[in-house]
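No value in this document is a laboratory result; all are computed from the given coordinates. For clarity, every value in this text was computed on a predicted model and none was experimentally measured. As a convention, Cβ positions derive from the backbone with ideal geometry for all residues, glycine included, and neighbour counts pool all protein chains shown.
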Amino acid sequence: MFGPTPPPLCSDQGARVVVSRSLSDFTPQATFDIKKCDLHRLEAGPPTKAELTREQGLQYYRTMQMVRRMELKADQLYKQKIIRGFCHLYDGQVSTRLHHSCI
């Protein structure tokens, strides 16, 4: 009625991709250039370069994940009326909040 079925886009025969990477493939730190800020009544501004080590990056990531999970749980409890009153969530702004707490 609808015509022949099209062939599958990917068959299981020979379609395996194996990727093997070790930690030595990743750089131990990253350097970021920061745009110079205009100063008003300041002698010196913030640095124009920032370095982030692998350990710092992983710690920031873990903290962001924990904050996000807590926020989702708070949202769920608020909608179930277990948390009463007002519950202000920062959906999608976890990295901004984390950045300000790390400065």
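Overview of results
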{"quantity": "Amide H contacts under 5 Å for ILE83, placed H, 5+ residues apart", "calculated": "TYR78"}
{"quantity": "Net lengthening on full extension, ILE83/GLN56 (0.36 nm per residue, minus Cα-Cα)", "calculated": "6.4 nm"}
{"quantity": "Region 22-74: chymotrypsin sites (Phe, Trp or Tyr not before Pro) falling in loop per DSSP and having at most 14 other Cβ within 10 Å", "calculated": "PHE26"}
{"quantity": "For peptides 49-57, 69-77, sequence by mean Cβ density within 10 Å, most packed first", "calculated": "69-77, 49-57"}
